[in-house]
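Chemist: Got a structure for you, written out below as structure tokens; questions coming shortly.
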Amino acid sequence: MAELTNLESKLAEVLGLAQAAKGATDHVKGMFDEDGSELVTTLTRMHDEAAATEERCVAVAGSFDGKKTAIVEKAREVKGEATEMMETYLAGEDDPLDGFEFLTMAEAGEVGHWMIVRKLNERAGIAEVAELADWAIPIQERHLRAVLDGSLELAAAEDPNEPAD
């Protein structure tokens with residue numbers, strides 16, 4: 001397998017996180033009793049945008065001579081680690097608030113990873129990576145805001161004096 005640069009490795013990480021995000025949004029959607037919820041619509045949009053991010057990352061990975069397979073393999077590892085983290089965090093949970101709390105952490109991580117990709121690319125100067133980061137960062141920031149707002153909306157509906165499960 002080809003040795004990855006720091007930038008290529010971070011590209012693999014954001015690719016793996018996008019792949020994991022598709023599963024995470026589906027998992028949290030399954031915690032809702034009703035499909036008509038505005039939060040379910042938000043999760044569906046996030047899933048679709050994660051799929052678009054995955055596509056774009058794979059396309060950019062293909063522009064690295066002889067590195068696409070290594071990038072995709074590392075992404076698969078990251079996806080597995082992120083999925084394992086979600087399964088551990090949400091084990092036995094069925095409350096959408098718990099799901100949104102997890103997504104808040106995950107989306108914050110994605111924003112941070114994308115910012116690092118952008119920073120590393122400032123020196124590398126790869127136009128395709130710059131374009132991808134400029135496209136992805138506002139989406140990830142919007143996702144973070146959406147899950148944080150969703151968490152607060154769900155928390156506001158909770159009775160603070162009710163015993164925790």
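The values are calculated or read from the model by the stated rules, or taken from the named source; none is laboratory data. It should be emphasised that the depicted structure is a prediction, and the values quoted were computed from it without experimental measurement. Virtual Cβ from ideal backbone geometry, glycine too; neighbours counted across all protein chains shown.
Chemist: Residue 35 - would you say it is of a type outside the set (Val, Ile, Thr) and modelled with pLDDT under 95?
Modeler: Values: of a type outside the set (Val, Ile, Thr): yes; modelled with pLDDT under 95: yes.
When the stated conditions are applied, residue 35 passes them.
Chemist: Another question, then. Given the residues 14, 28, 58, which is the only one that is within 16 Å of the chain's Cα centre (by Cα), β-branched (Val, Ile, Thr), more than 20 Å from residue 144 (Cα to Cα) and part of a helix (DSSP H, G or I)? So that I can check it myself, show each step before the final result.
Modeler: On the way: 14 fails: more than 20 Å from residue 144 (Cα to Cα); 28 fails: more than 20 Å from residue 144 (Cα to Cα).
Selected residue: 58, the only one of 14, 28, 58 that is within 16 Å of the chain's Cα centre (by Cα), β-branched (Val, Ile, Thr), more than 20 Å from residue 144 (Cα to Cα) and part of a helix (DSSP H, G or I).
Let's see how each residue does on (1) under 17 Å from the mean Cα position of the chain (by Cα); (2) without any contact (Cβ under 8 Å) to a residue 40 or more places away in the chain; (3) surrounded by 15 or more Cβ atoms within 10 Å (Cβ to Cβ); (4) closer than 19 Å to residue 15 by Cα:
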residue: 77; (1), (2), (3), (4): yes, no, no, yes
residue: 94; (1), (2), (3), (4): no, no, no, no
residue: 106; (1), (2), (3), (4): yes, no, yes, yes
residue: 114; (1), (2), (3), (4): yes, no, yes, yes
residue: 128; (1), (2), (3), (4): no, no, yes, yes
residue: 131; (1), (2), (3), (4): no, yes, no, yes
residue: 150; (1), (2), (3), (4): yes, no, yes, no
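Chemist: Which of (1) surrounded by fewer than 16 Cβ atoms within 10 Å (Cβ to Cβ); (2) without any contact (Cβ under 8 Å) to a residue 24 or more places away in the chain; (3) part of a helix (DSSP H, G or I) is the odd one out, the single condition residue 65 does not satisfy?
Modeler: (3)
Chemist: In addition: List every residue pair whose Cβ atoms sit under 8 Å apart, with the two residues 6 or more apart in sequence or on different chains, where the first one lies in the range 33-52 and is small (Gly, Ala, Ser) and the second, anywhere, is in a helix (DSSP H, G or I) and surrounded by 14 or more Cβ atoms within 10 Å (Cβ to Cβ).
Modeler: Filtered contacts from the range 33-52: 50/18; 50/19; 50/21; 50/22; 50/25; 51/18; 51/22.
Chemist: Tally the residues that are aliphatic (A, V, I, L, M) and surrounded by fewer than 17 Cβ atoms within 10 Å (Cβ to Cβ), restricting the search to the range 116-125.
Modeler: Initially, the range 116-125 is screened for residues aliphatic (A, V, I, L, M), giving 116-117, 120, 124.
Narrowing further to those that are surrounded by fewer than 17 Cβ atoms within 10 Å (Cβ to Cβ): 116, 124.
Total meeting the criteria: 2.
Chemist: So which pairs qualify, if the first residue must be in the range 1-29 and closer than 24 Å to residue 67 by Cα, the second must be among the aromatic types (Phe, Trp, Tyr), the Cβ gap must be under 7 Å, and the two must be at least 6 apart or on different chains?
Modeler: 8/64; 14/114
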